[in-house]
Amino acid sequence: MKNYVQRERLKGRTLVAILSGANMNFDRLRFVAERTEVGEAREALFAVTIPEERGSFRRFCELVGSRNVTEFNYRISDAALARVFVGISTASAGDSERIARAFRQHGYDTVDLTHDDLAAEHVRYMVGGRSPLAAGESIYRFEFPERPGALMRF
């Protein structure tokens with residue numbers, strides 16, 4: 001911009017430089033969008049341990065209630081406990097603490113990952129890890145409408 005100002009002999013003007021992301025691709029854009037949601041307190045991220053038993057997922061979903069679930073990852077890794085990664089839309093900065101407290105009050109071991117960039121970037125891909133219990137597993141992907149309660153209605 002300095003060269004442009006000198007070349008055009010501009011004085012007494014307000015100028016703005018816009019830098020476009022030539023190094024931006026869709027994977028990087030996803031990262032930026034996800035971090036923006038967390039940074040603006042519009043999403044909370046949790047690692048929650050629930051019993052690996054019939055009905056426990058439903059009970060967990062009932063606790064989540066009508067909140068909008070933005071992401072849910074699970075893979076069997078233990079015969080007794082299920083470790084899940086869940087993203088939930090929030091309305092204000094204190095929501096993540098309130099949600100984590102509600103999970104804990106209902107007996108779920110909960111780690112609030114909302115402000116942990118390293119976890120937010122990598123944990124979603126590591127949920128479950130390797131497991132002999134996953135022999136012959138099938139992988140499913142479900143897309144839900146982006147509205148509160150969609151997971152529970154599923």
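The values are calculated or read from the model by the stated rules, or taken from the named source; none is laboratory data. In this text, all values refer to a predicted model and were calculated from it rather than measured experimentally. Here Cβ is always computed from backbone atoms with ideal geometry, including for glycine, and neighbour counts include all displayed protein chains.
Hey, could you check the range 99-116 for residues that are small (Gly, Ala, Ser) and in contact (Cβ under 8 Å) with a residue 24 or more places away in the chain and say which is nearest to Phe85 (Cα to Cα)?
Ala100
Could you list, in sequence order, all residues of the range 64-82 that are surrounded by fewer than 17 Cβ atoms within 10 Å (Cβ to Cβ) and within 20 Å of Pro148 (Cβ to Cβ)?
Gly65, Ser66, Glu71, Asn73 - these are the residues of the range 64-82 that are surrounded by fewer than 17 Cβ atoms within 10 Å (Cβ to Cβ) and within 20 Å of Pro148 (Cβ to Cβ).
Could you grab me the full set of residues in the range 120-154 that are of a type in the set (Val, Ile, Thr) and either outside any helix (DSSP H, G or I) or modelled with pLDDT of 70 or more (or both)?
Result: Val127, Ile139.
Need at least 2 residues that are in contact with a His (Cβ under 9 Å, 6 or more places away or on another chain) and at pLDDT 90 or above per element, so show me which strands (runs of 3 or more DSSP E) inside the range 1-111 make the cut, counting only ones lying wholly within it. Before you say what the answer is, go through the steps one by one.
Working: elements: 43-51, 69-74, 81-89.
Fully inside the range 1-111 and qualifying: nothing.
Mind counting the residues in the range 92-109 that are surrounded by fewer than 19 Cβ atoms within 10 Å (Cβ to Cβ) and farther than 12 Å from Val64 by Cβ?
11
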